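The values are calculated or read from the model by the stated rules, or taken from the named source; none is laboratory data. This is a predicted model, so every value here is computed, not measured. Cβ sites come from the backbone with ideal geometry, for glycine too, and all protein chains shown count toward neighbours.
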Amino acid sequence: MDSNESAQNQTFANRLRELMLQHNPPMQIIDLSDALQVTYEAARKMVRGRGVPSRFVILEIANFFGTDSADLEAVARADRLRRKYGAEFLLAILDPEVALFNGAWPHLTEEQKTELLARLLDYLI
């Protein structure tokens, strides 16, 4: 996997690392794998942004850290789309009626982009 592909999948990994650091005591990858009952390699891929967990694992993560599973699923869903279609996939599907997004997209934060992509996916599925 090249660095470009890894960069496209950082949002879920960043959120997971944030949860791990906020945990008392802060968690290491081995602690996460034990807590979720997944292999060390699976936990490492999630933490390093090289893999997006299944919905079942997302529920386990949300339960363990006491956070909203819908929020984590939205971030994971956006990561899957970026991984499959690239970060600019939204621009490729726009028609003239929504062309204003073309100009606004570069000015959005990563969090805003993730939320927008997640909402769009909710309508498409």
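Taking each residue of region 26-50 that is under 14 Å from residue 64 (Cβ atoms) and at pLDDT 95 or above and looking for partners that are β-branched (Val, Ile, Thr) and exposed (fewer than 15 other Cβ atoms within 10 Å of the Cβ) with beta-carbon atoms closer than 7 Å, six or more apart or interchain, yields 33/39.
Can you give me the number of residues within region 6-31 that are assigned to a helix (DSSP H, G or I) and closer than 21 Å to residue 78 by Cβ? Walk me through how you get there before you give the answer.
So the first thing to find is which residues in region 6-31 are assigned to a helix (DSSP H, G or I), and the list is 6-8, 10-22, 29-31.
Keeping just the survivors that are closer than 21 Å to residue 78 by Cβ gives 6-8, 10-20.
Counting residues in region 6-31 that are assigned to a helix (DSSP H, G or I) and closer than 21 Å to residue 78 by Cβ gives 14.
Tell me which residues, restricted to region 64-86, are more than 14 Å from residue 12 (Cβ to Cβ), touching a residue at least 24 places away in the same chain (Cβ under 8 Å) and not in a helix (DSSP H, G or I). Across region 64-86, the qualifying residue is only 86.
Applying the selection to region 52-63, what residues are without any contact (Cβ under 8 Å) to a residue 12 or more places away in the chain and surrounded by 15 or more Cβ atoms within 10 Å (Cβ to Cβ)?
Matches in region 52-63: 62 only.
Within region 102-125, the set of residues being without any contact (Cβ under 8 Å) to a residue 40 or more places away in the chain, among the hydroxyl-bearing types (Ser, Thr, Tyr) and either over 14 Å from residue 11 (Cα atoms) or surrounded by 16 or more Cβ atoms within 10 Å (Cβ to Cβ) (or both) comprises just one member, 123.
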